[in-house]
Amino acid sequence: MKKIHFIGIGGIGISAIARFLKEKNYEISGSDIKQTPTTEELAKNGMKITIPHSKNAIENPDFVVYSAAIKPDNVELLEAQKKGIKCLSRKEALPFILEGKKVFAVAGAHGKSTTSSMLASLLDGSMIIGAISKQFGSNMNYKESENIIFEADESDSSFLNSNPYLAIVTNAEPEHMEHYDFDLNKFHAAYRGFLERAKIRVIDADDEFLSSLKMDFLKLNKSDITELKSVIRNYEPYTSFNLKNLGKFEVFGLGEHIAIDASLAILAANCEIGLEEIRARLKEYRGIKKRFDILVANDNFALIDDYGHHPTEITATLKSAKEYANLLGLEKITPIFQPHKFSRLKANLNGFKDCFKDYIDDLVVLPVYSAGEEPNEIDLKKEFNGAIFANKVHRNGDYIEFVDEFGVKHILNNGLVIGFGAGDISYQLRGIE
């Protein structure tokens, strides 16, 4: 039995890979900087987890895989190199992980986790994604099948190593530009390379760059989606729509962007299975954790956790939040924003300010979740003048409470409250310390 050690195993993407390889009978160990619900689950699943990083965690594995967050001076990485153990970045490990698989790979700046999860509902196969599918209760679902639905990551260009049979690109909006030396041509070349590697390609043709490529595509335009309608059942949102000449579909979730993600998954799945099977299986999709994730809903109050950490995502989600609030008869919307990374905040500052401009009087702003980055010169209080500032928020039963910068206690227990961010805001909203 081969032994594999993962440095940074608590990450949402790398933990899915660890789970997948354990199902393939590899002996898995791993480490991370701190204990989280994810590392606790991995330990319960029989993986030896070391917290925090320690050179003693390197117990002569056959090779080591490390996440993109791991720095070259990590004690475990240095120890493994000292012992002559083969060390692979997650990107470098992908060909080994996906070897011999028929890969249905989904990439894009926004919507790739949702689209991947929807596709996993439609097709028979394993699933490795960067989010928790509520249908499967995990970011990994293992099946004895050659098919694998894989969320492909552009942030480190690792999607170029995913060997896609079928590639979906939801959009190619510039993100993670530091990896591409802030060169748009390099960024676009990576997406082009990803699509060129696939036998079948599905794209959102409303994206200017994607629509300019000269390849054979299954194309989706917003105009292909008609009769968009939202409905609430037991406080849960559903969207129905007609897609081209393929008929009517219904999917869990709310908003035009949900219909677009579902349509991309439908076009891809239709290359493998029939429409009636797709229609039935799509109803099994239950959403994904942290994406318009409804934590509390009643006639007076709704609390939603959303992973949105880019202005485009937040704008689309706030549109859905407004629609959901209207359907529930809730008048007030209070966003809670935890900026994720100083670099992202700086690169998209005007976009963040613009997407919250209609909510600024009720906007709660938390400190930047640094993700290991050094602070820059941005003054949140100056840039979001008029917002309310707090160090953190707390879950108290079905409500949210916090103390602002002036020591005033606030209780949020009416209207719709929605948290945005890719840091630890999700734990705060859920009352997980």
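Relative to the present Cα-Cα distance, how much length would full extension add between residue 399 and residue 75 at 0.36 nm per residue of separation?
Extra length available between residue 399 and residue 75 comes to 112.5 nm.
Taking a ≥ b ≥ c as the square roots of the Cα gyration tensor eigenvalues, with a/c under 1.5 meaning rounded and otherwise prolate when a/b beats b/c, else oblate, which class fits region 10-169?
prolate
Using the per-residue mean of other Cβ atoms lying within 10 Å as a proxy for protection, in what order, highest first, do the peptides 250-262, 323-335 fall?
So the order, starting with the most tightly packed, is 250-262, 323-335.
Give the long-range amide H neighbours of residue 50: residues separated by 5 or more places, or on another chain, with amide H under 5 Å away, using H modelled in the peptide plane at 1.01 Å from N.
The answer is 30, 31, 32.
Read phi for every residue in region 379-391 and hand back ³J(HN,Hα) as whole Hz from Karplus 6.51 cos²θ - 1.76 cosθ + 1.60, θ = phi - 60°, with x for Gly and Pro.
With the stated coefficients, region 379-391 comes to 9, 4, 5, 6, 6, 10, 4, x, 7, 9, 10, 8, 6 Hz.
What whole-number distance in Å separates the alpha-carbon centres of region 185-219 and region 229-247?
Cα centroid of region 185-219 versus Cα centroid of region 229-247: 28 Å apart.
Taking the Cα centre of each part, how many Å lie between region 278-357 and region 8-35?
Centre-to-centre distance over Cα atoms comes out at 29 Å.
Which is farthest toward the positive dipole end of region 285-387 among 302, 343, 367, measuring Cα position about the Cα centre, with Cβ charges +1 (Lys, Arg) and -1 (Asp, Glu)?
343
Would you compute, from DSSP H runs of 4+ residues alone, the mean residue ellipticity of the chain at 222 nm, taking -39500 (n - 2.57) per run and dividing by the full residue count, rounded to the nearest 500?
-8500 deg cm²/dmol
Got a sec to turn the phi values of region 142-155 into Karplus ³J(HN,Hα) couplings, 6.51 cos²θ - 1.76 cosθ + 1.60 with θ = phi - 60°, whole Hz, x for Gly and Pro?
9, 9, 6, 8, 6, 6, 9, 8, 10, 7, 8, 9, 8, 4
Taking the DSSP beta bridges in the chain as the whole, what percent of them are antiparallel, to the nearest 5?
Just about 35 percent of them are antiparallel.
Can you order the peptides 381-388, 70-77, 138-145 by their average number of other Cβ atoms within 10 Å per residue, highest first?
Going by the mean number of other Cβ atoms within 10 Å, highest first, we get 138-145, 70-77, 381-388.
Given a 1.4 Å probe, how much area per residue of the chain is accessible, in Å²?
Value for the chain: 44 Å² per residue.
Sorted by packing (mean other beta-carbon atoms within 10 Å per residue), highest first, where do 179-185, 40-46 land?
So the peptides 179-185, 40-46, ranked by packing, come out 40-46, 179-185.
Put +1 on the Cβ of every Lys and Arg and -1 on every Asp and Glu Cβ in the chain; which of 147, 203, 179 then has its Cα farthest towards the positive end of the dipole?
Checked the options; the winner is 147.
Can you give the FRET efficiency for residue 206 and residue 232, using 1/(1 + (r/R0)^6), R0 = 30 Å, r = Cβ-Cβ distance, to the nearest 0.05?
0.60
With +1 on the Cβ of every Lys and Arg and -1 on the Cβ of every Asp and Glu, and nothing else charged, how large is the dipole of region 1-160 about its Cα centre, in debye rounded to the nearest 20?
200 debye
Going Cα to Cα from residue 214, which aspartates and glutamates come in below 20 Å? Please leave out same-chain ones fewer than 8 positions away.
Leaving aside aspartates and glutamates fewer than 8 places away in the same chain, those within reach of residue 214 are 173, 196, 204, 206.
Under a 10 Å cutoff between Cα atoms, tell me which one of 392, 319, 82 has the largest fluctuation in the Gaussian network model of the chain.
In this elastic network of the chain, the residue with the biggest mean-square fluctuation among 392, 319, 82 is 82.
Long-range amide H contacts for residue 65: which residues qualify at under 5 Å (H placed 1.01 Å from N, peptide plane, sequence gap of 5 or more or a different chain)?
Long-range HN contacts for residue 65: 5, 6, 7, 88.
Lys and Arg at +1, Asp and Glu at -1: add these up for the other residues within a Cβ distance under 11 Å of residue 289 and post the number.
Result for the local shell: +2.
Accessible surface of residue 165 in the full protein assembly, 1.4 angstrom probe, to the nearest 10 Å²?
50 Å²
For the chain, give the magnitude of the charge dipole about the Cα centre (Cβ charges: +1 Lys/Arg, -1 Asp/Glu; no others), in debye to the nearest 20.
940 debye
Please compute the modelled spin-label separation between residue 327 and residue 380, points set 7 Å along Cα→Cβ, answer in nm with one decimal.
3.1 nm
How would you classify region 1-81 from its alpha-carbon gyration tensor, with a ≥ b ≥ c the square roots of the eigenvalues: rounded for a/c under 1.5, else prolate if a/b is greater than b/c, otherwise oblate?
oblate
If you rank 281, 344 by how much accessible surface each has, with a 1.4 Å probe, what is the order from largest down?
Highest to lowest solvent-accessible surface, that is 281, 344.
Rounded, prolate or oblate: pick one for region 296-345, where a ≥ b ≥ c are the square roots of the eigenvalues of its C-alpha gyration tensor, a/c under 1.5 means rounded, and failing that, prolate if a/b is larger than b/c, else oblate.
prolate
With every protein chain present, what accessible area does residue 272 have (1.4 Å probe, heavy atoms only), rounded to the nearest 10 Å²?
About 70 Å², rounded to the nearest 10.
Using Cα pairs under 8 angstrom and six or more residues apart, how large is the relative contact order of region 1-127, in percent?
Answer for region 1-127 is 22 percent.
Quick one: among 112, 353, 214, which has the greatest mean-square fluctuation in a GNM of the chain with alpha-carbon springs under 10 angstrom?
The residue with the greatest mean-square fluctuation here is 214.
Pick from 31, 116, 212: which residue has the top mean-square fluctuation in a GNM of the chain where Cα pairs under 10 Å get a spring?
Looking only at 31, 116, 212, the biggest GNM fluctuation is shown by 212.
Can you give the relative contact order of region 80-181 as a percent, counting alpha carbon pairs under 8 Å and 6+ residues apart?
Over region 80-181, the number comes to 37 percent.
Among the DSSP beta bridges whose two residues both lie in region 185-246, what percent are antiparallel, rounded to the nearest 5?
If I count the DSSP bridges inside region 185-246, around 70 percent turn out antiparallel.
Provide the per-residue ³J(HN,Hα) series for region 78-85, in order, calculated from phi with Karplus coefficients 6.51, -1.76, 1.60 and θ = phi - 60°, each as a whole number of Hz, with x at glycine and proline positions.
Result, rounded to whole Hz: 5, 5, 5, 5, 4, 7, x, 7.
What dipole magnitude, in Debye to the nearest 20, does region 25-109 give about its Cα centre under +1 on Lys/Arg Cβ and -1 on Asp/Glu Cβ?
About 180 debye.
So how far apart, in nm, are the two label points at residue 34 and residue 177 if each is 7 Å from Cα heading toward Cβ?
The modelled label-to-label distance comes out at 3.1 nm.
At a probe radius of 1.4 Å, what is the per-residue accessible area of residue 286, in Å² to the nearest 10?
70 Å²
Tell me the relative contact order for the chain as a rounded percent, counting alpha carbon contacts under 8 Å between residues six or more apart.
Reported relative contact order: 11 percent.
Just checking my list (i) 158; (ii) 146; (iii) 235 against volume of the Cα convex hull per residue in Å³ computed from this structure; which label fits?
(ii)
The values are calculated or read from the model by the stated rules, or taken from the named source; none is laboratory data. Here the structure is a predicted model, which means the values were calculated and not measured. Every residue, glycine as well, gets a Cβ built from its backbone with ideal geometry; the counts of neighbours run over all protein chains shown. With ligands, DNA and RNA removed, areas are computed over all heavy atoms of the protein, side chains included. Shrake-Rupley method; radii C 1.70, N 1.55, O 1.52, S 1.80 Å.
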